[in-house]
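To start, the structure itself, in structure tokens.
Each value in this text was obtained by applying a stated rule to the coordinates, not by laboratory testing. Just so you know, these numbers come straight off a predicted model, no measurement behind them. Here the Cβ positions follow ideal geometry from the backbone for every residue, glycine too, while neighbour counts run over all protein chains shown.
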Amino acid sequence: MFTVLTLFKEVYYMKNNYHKENLKENILILTVKIIKEEGYQSVSVRKIANHLDVSPTAIYRHYNSLEELFTQAIVSVSHEFTNLLKTSLKGCQISPTQEIATVGVCFVNYATTSKNEFDFLFLSNYSLKNVSLNHKSDYPLILFMDSIINQAIKENNFKYSKEILFNQLWCFIFGYAVLVSKKQIELNEELIDATVKSFLTR
């Protein structure tokens with residue numbers, strides 16, 4: 001005989017089984033959502049637990065600390081950003097040097113249109129700058145940029161080390177992106193293109 005109690009038991013079972021099977025993934029999805037909408041500073045274990053209707057202890061069964069959760073969130077957001085950069089180059093018949101300039105423009109736009117994600121990826125204590133080289137395979141953004149830079153070095157017979165080139169490009173594009181995002185200057189795509197070329201042809 002089907003009763004209200006039976007229905008309650010079925011709903012209770014489905015709810016708890018759902019959490020058991022999908023909780024780890026849902027924690028990460030919600031964390032990324034909060035980062036995008038409110039900023040990484042707004043993420044807390046208690047907030048996540050309340051949203052998912054579980055106890056904070058349940059969160060810690062899947063992630064030992066907030067830092068571990070943020071590390072996985074960095075991987076997730078990094079994947080999304082890398083796909084965005086790849087899309088900006090899709091169908092473009094341009095040289096590796098021009099690819100770097102195009103990626104630079106996309107990077108600057110990202111700092112403005114996706115400020116919370118940009119801050120999390122590049123300005124937080126959990127940012128990509130803290131990624132161990134032993135684990136860089138988890139971060140397609142690093143591998144993607146490394147590949148483009150290698151091609152540009154071959155194209156221009158760059159005389160100095162790749163590290164020097166990377167540091168020059170990073171300091172310029174990152175600094176430029178921060179200034180544009182804070183509305184200190186306006187985006188000038190021609191300036192980015194000319195500066196990238198000057199780094200590679202000196």
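The table below gives the values:
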item	result
Relative exposure of Ile164, Ile148, Ile35, judged by other C-beta atoms within 10 Å (fewest first)	Ile164, Ile148, Ile35
FRET E, pair Ser198, Asp53, Förster distance 41 Å, beta-carbon r, rounded to 0.05	0.15
Förster radius 45 Å - calculated FRET efficiency between Lys154 and Thr112 (Cβ-Cβ, nearest 0.05)	0.90
Calculated log₁₀ intensity ratio I(q)/I(0) where the Debye formula runs over C-alpha points of region 72-202, q = 0.11 Å⁻¹	-0.37
Filter on Lys159/Lys182; Lys47/Lys115; Lys90/Lys115; Lys90/Lys197; Lys154/Lys183 - keep pairs with C-alpha separation over 27 Å	Lys159/Lys182; Lys154/Lys183
Fully extended contour minus Cα-Cα distance, from Lys162 to Lys36, at 0.36 nm per residue	42.1 nm
Dipole magnitude of region 92-202 about its Cα centre (Cβ charges: Lys, Arg +1; Asp, Glu -1), debye to nearest 20	280
Protection proxy ranking, peptides 157-163, 99-105, average beta carbon neighbours within 10 Å, highest first	99-105, 157-163
